[in-house]
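In what follows, a structure is listed as structure tokens, so that the remarks can point back to it.
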Amino acid sequence: MAQRTERADAVRNREAVLAAADALFAASSSPHSVSMDDIAAAAGVGKGTLFRRFGDRAGLIGAVIASRLKPLQQAVGEAQGVGGSSPRRRVLDLLDAALRFKIENRNLMSAAEEAGLSSPYQAEHYGWWHETLREALDQVPGVHEPDFTAHALLAAIRADLVAHLIDHQKTAPEALRVSLAAYIDNVLGTG
């Protein structure tokens, strides 16, 4: 069965909504302060359009994350295809990329964790991060439980923790990246 082509106005509306939501979350001081009404008004669409297109706030946030994450996923895939770096380096690079993404998008990622997605572990983007990291850890000598280790390392960069460290404890992003690298070394042991 052929897939239906999306109408041009529907594509424009979707892009306008994603751009508006992205901008509002980036500019907000708190993920709670961005409402569906705010997003609809900024996108120039009715609130009903948001609900028809995305289902609910969690669906909209998931779509914004997916659009933001796509270039990073492509870059990670290309870097993995090139090879050349050690498995430990790939783990460090992957977690550093995930941390930088969460630092740059901490309000959006915090909103995702709070938006009723039931559990961050059920989110599509979490599944991608976990699987990609697990595959890299599987190549690191001495890692006996790559699945658990991937979950544990990703827990160290939960969006709510990143936001707390940067926004409340005033940890500089670069210091957070250095701390994460040291933590990864501790978890993986000397190599």
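Every number in this text was worked out from the coordinates using simple rules, so none of it is lab data. Bear in mind that the values here come from a model prediction, so they are computed numbers and not experimental data. Because the Cβ atoms are built from the backbone with ideal geometry, glycine has one as well, and the counts that use them run over all protein chains shown.
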Legend entry - For the chain, built as a Gaussian network whose Cα springs stay under 10 Å, the top-fluctuating residue of VAL143, VAL64, VAL162: VAL143
Legend entry - Distance (nanometres) between label positions extended 7 Å along Cα→Cβ at ALA26 and TYR183: 2.6 nm
Inset, instruction - With viscosity set to 0.692 mPa s and temperature to 37 °C, compute the Stokes-Einstein D of the range 31-96, Rh being the Kirkwood radius across alpha carbon pairs; µm²/s, no decimals. - result: 227 µm²/s
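How much space per residue, in cubic angstrom, does the convex hull of the C-alpha atoms of the chain take up?
Numbers: hull volume 27.1 nm³, N = 191.
Considering the Cα atoms of the chain, their hull volume per residue is 142 Å³.
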Legend entry - Phi to ³J(HN,Hα) by Karplus 6.51 cos²θ - 1.76 cosθ + 1.60 over the range 91-108, Hz, x for Gly, Pro: 4, 4, 4, 5, 5, 5, 4, 5, 5, 4, 4, 5, 4, 5, 10, 5, 5, 5
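Using 0.36 nm times the number of residues separating ASP56 and GLN169, minus their current alpha carbon distance, what extension gain do you get? If you can, show how the numbers build up before the last one.
Details: separation 113, 0.36 × 113 = 40.68 nm, distance 3.22 nm.
Answer, rounded to one decimal: 37.5 nm.
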Inset, instruction - For the range 121-170, state which trypsin sites (Lys or Arg not before Pro) are in a DSSP loop and have at most 13 other beta carbons lying within 10 Å of their beta carbon. - result: LYS170
